[in-house]
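Single-structure report; data block below.
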Amino acid sequence: MTSIDSSPHPDQRRVLTVLVVAQVLSGAGLAAGITVGALLAQEMLGGAGWAGLPSALFTVGSAVAAALIGRTSQRLGRRTGLAAGYAVGAVGALGVVAAAMADSVALLLVSLFVYGAGTATNLQARYAGADLATPGSRGRALSTVMVATTLGAVVGPNLVEQLGALARSIGIPELSGPFLLAAAAYASAGLVLWLLLRPDPLLTALARETGVEGVAVKGDEGADGDRRMLLLGATVMVLSQLVMVAIMTMTPIHMIGHGHSVGAAGLVIAVHVAAMYLPSPISGLLVDRVGRLPVAAASGVTLVAAGIVAALAPPASVPLLALALALLGLGWSFGLVSGTAIITDAAPTATRAKVQGTVDVAIAIAGAGGGLASGMVVAAGSYALLSLSGGVLALAVLPVIVWSARAKAANGV
């Protein structure tokens, strides 16, 4: 049996630096469509009941992309998988602009689906940050990649009005302006990864473990790793994503419907996205120091608090809505960082990217369900009902954590 070197890899710092640069760029593409996607669909399709459709479409698109990126990365490395994912996301963003110009609902739906590849790639990049990290530093490594998204993701929503003005000045619909930024952001991020992500972190990790340099190793299809912990990590991330997407998607619609400007809605979304990514180093440090399971439990509790605050916040109160969305982002951060660390620990290196891609498919499908259902729940009930329902659903993670902890203790590990 080959001995695995657990010392820090000398190329880890370079890999993290390149990933950070790419994530700063891609963050703008990730967030630009969040604020106006629902508004664009409402304008083109009519009625708040369809407002959750864009989120559902690009989340389904991200599910398909997550599987393809995972398999591509396993065969050809993270560099190829991530660069291709961002390129496809850029094409989708340009398609949304074209759909708005042509007033084509069919093209809009297809383009939103393709645009989801950028979201999937942005999330999959966190795994690349952990490939060469030691087990005791994985939380901090992946959170370093995640926090880099903050700059672009916070700037993007706050440029909504300026991008709208730019769009009008060049003769395209106002709400499609942010998607121009998304196209440029995703294309730039993909180019950075394609040119600079050398050595490839996953291929290097495989070579380090197996002694085979420069090629992907076909893993044993039966080497699934610790299935109990894989289930736990997936459950934590699936619930975090579902609750976060559902409440986030309808918040701009809720605000616009109560007289707030698009700029105010963009500000609240910017606070939310900052809370998703900016606390990532704290989440990573807690995961490494306190443990995966306590941080996963903190995710459920924080999401419950977010749902309660959102439900009770007066519609006129931008500060309280911003607080609710900040808690929503923080709970998501706890869930994603802890869940990612659990998955990375449990998946063998030889099949790691494929397993991670499969898990991200489940996460994306959950987000799609949350996005699509959110508009229907609000149309049939209210934003408060949606928020409270999301909070209650987040509590489902706690029994799974308790079951996993008891099973782990019973096995003496």
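Overview of results
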quantity: Verdict on residue 209 being at pLDDT below 85, touching a Ser or Thr at 6+ places or on another chain (Cβ under 9 Å) and part of a loop (DSSP other than H, G, I, E, B); calculated: no
quantity: Qualifying positions in segment 182-205 - over 20 Å from residue 36 (Cβ atoms) and of a type in the set (Ser, Thr, Tyr); calculated: 188, 204
quantity: 3 or more residues closer than 26 Å to residue 366 by Cα: qualifying helices (runs of 4 or more DSSP H) within segment 99-190; calculated: 105-130, 138-147, 149-158
quantity: Among (1) under 14 Å from the mean Cα position of the chain (by Cα); (2) at pLDDT below 85; (3) hydrophobic (A, V, I, L, M, F, W, C) - the single one residue 120 does not satisfy; calculated: (2)
quantity: Every pair of residues 6+ apart whose Cβ atoms lie under 7 Å, when the first sits in segment 264-290 and is over 14 Å from residue 30 (Cα atoms) and without any contact (Cβ under 8 Å) to a residue 60 or more places away in the chain while the second is part of a helix (DSSP H, G or I) and of a type in the set (Val, Ile, Thr); calculated: 264/318; 268/251; 268/318
quantity: Criterion: among the hydrophobic types (A, V, I, L, M, F, W, C) and more than 16 Å from the chain's Cα centre (by Cα) - qualifying residue of 312, 278, 242; calculated: 312
quantity: Enumerated helices (runs of 4 or more DSSP H) restricted to segment 307-413, each holding at least 2 residues that are buried (at least 24 other Cβ atoms within 10 Å of the Cβ) and hydrophobic (A, V, I, L, M, F, W, C); calculated: 318-346, 352-380, 383-394
quantity: Selected residue [buried (at least 24 other Cβ atoms within 10 Å of the Cβ), in contact with a Pro (Cβ under 6 Å, 6 or more places away or on another chain), under 19 Å from residue 339 (Cβ atoms) and of a type in the set (Ser, Thr, Tyr)] from 62, 73, 143; calculated: 143
quantity: Residue match in segment 153-161 (condition: among the β-branched types (Val, Ile, Thr) and within 18 Å of the chain's Cα centre (by Cα)); calculated: yes
quantity: Test: residue in segment 355-368 that is in contact with a Ser or Thr (Cβ under 7 Å, 6 or more places away or on another chain), in contact (Cβ under 8 Å) with a residue 24 or more places away in the chain and polar (S, T, N, Q); calculated: no
quantity: Subset of segment 322-359 [among the hydroxyl-bearing types (Ser, Thr, Tyr) and touching a Leu at 6+ places or on another chain (Cβ under 9 Å)]; calculated: 333, 338, 340, 344, 349
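Rundown of residues vs (1) surrounded by 24 or more Cβ atoms within 10 Å (Cβ to Cβ); (2) over 20 Å from residue 347 (Cβ atoms); (3) acidic (Asp, Glu); (4) under 17 Å from the mean Cα position of the chain (by Cα), yes/no style:
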position: 82; (1), (2), (3), (4): yes, no, no, yes
position: 86; (1), (2), (3), (4): yes, yes, no, yes
position: 89; (1), (2), (3), (4): yes, yes, no, yes
position: 115; (1), (2), (3), (4): yes, yes, no, yes
position: 136; (1), (2), (3), (4): no, no, no, no
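The values are calculated or read from the model by the stated rules, or taken from the named source; none is laboratory data. Owing to the predicted nature of the structure, the values given are computational and were not obtained by experimental measurement. When we count neighbours, we look across all protein chains shown, and the Cβ atoms used for this are built from the backbone with ideal geometry, even at glycine.
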